[in-house]
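Below is one structure; the comments refer to it alone.
Since every read-out is calculated from the coordinates, none of them should be taken as a lab result. Everything numeric here is computed off the predicted structure, so don't read it as measured data. Cβ: placed from backbone, ideal geometry, glycine included. Neighbour counts: every protein chain shown.
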Amino acid sequence: MTSAASQSRLAAEVGVFDAGTVDDACAFFAEHGFATLRGLYEEQDLRAFERECERQQTALLEGRLPERCGTVVLDDPDAVIDGEPFAHYVCHITEVSTVVRSMTYQPTIVEAAQRLLGEQCWMLEDDRFGVVYQDARPGENSGYSRIGWHSDAQSGPRLHVWPSVAFTIHIDATSPQNGFLRVVPGSHLGGTSEMPPGFEKVGGEVALYCERGDVLLHHSDLWHAAARATDDGPSAIRRHVRGGWYGGTRLDAGHGLADFVKNARR
């Protein structure tokens, strides 16, 4: 008989696969719309990755990055944390950081994307928001602490880039303390007509708790939302780098954000 602790661990780690089990991860993804890859990075690489993301975040706040690395579409330009101006997003981070770019092109992630989308798939780096460093934390003047129900494809319903596989490289482990991803398994196989408009409980949803260094993959049609942290202060910080591989037509150069749909409540 399994213990309560082991049963709890199984429930919390649904859809988690080691680097050598890409076939199993892709089969799970096809059925459920998500999968987590574990053990892709050494801790020394994660430390360098974390420091580099923090460095680029500081550079953005100090005005030392290209203007498009910031965003007033996703972020609040008046966001304040601990009494200081704060940037929750660094967009196009792979275009200003070779360290981050190298981490996003980790071979197992590339292999999984190609198996799911075909060898012709491509990573979106140079348009819309590119690959983004995200720093979520609560607070009265925070600009990013939670995200309501949405699918990625809803952000560009007239685009021909879909389907896509989003990847999230976790710098911090996730939990109720600092927030986590809520998903509805299998929802990528249906429509969005019954998707709630906000943060409501959805029948069949599961909480995905990731460890530091985990890479979460999810389908562009998967219903997902991010829960707000229950703690305050350092234990409530949730940082990750997120981007996407696409199976459809590449965007024309300079496509921009004119047709971007901000489809998730904050």
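Ordered by the number of other Cβ atoms lying within 10 Å of each residue's own Cβ, fewest first, L217, L189, L46 fall into the sequence L189, L46, L217.
Determine the relative contact order of the stretch 115-266: mean sequence separation of Cα pairs under 8 Å and six or more apart, normalised by residue count, in whole percent.
44
Cβ-to-Cβ counts within 10 Å put I109, I81 in ascending order as I81, I109, the fewest first.
Helical runs (DSSP H, four residues minimum) scored at -39500 (n - 2.57) apiece and divided by the length of the chain put the mean residue ellipticity at 222 nm at -6500 deg cm²/dmol. Over the stretch 33-169, Cα pairs under 8 Å with separation of 6+ residues give a relative contact order of 24 percent. Put a plus charge on the Cβ of each Lys and Arg, a minus charge on the Cβ of each Asp and Glu, and nothing anywhere else: the dipole of the stretch 4-246 about its Cα centre is then about 220 debye.
Projecting the Cα positions of Q134, T174, P85 onto the charge dipole of the stretch 69-223 (unit charges on Cβ atoms of Lys, Arg, Asp and Glu, taken about the Cα centre) puts T174 furthest along the positive direction.
Where both bridge residues fall in the chain, DSSP classifies roughly 90% of the beta bridges as antiparallel.
Fewest neighbouring Cβ atoms within 10 Å first, the residues H224, H255, H88 line up as H255, H88, H224.
Here the stretch 104-135 is scanned for amide nitrogen atoms under 17 Å from the site 7 Å beyond the Cα of Q44 along Cα-to-Cβ, giving none.
Take every Cα pair under 8 Å whose residues are at least 6 apart in sequence, average their separation, divide by the length of the chain, and the relative contact order is 26 percent.
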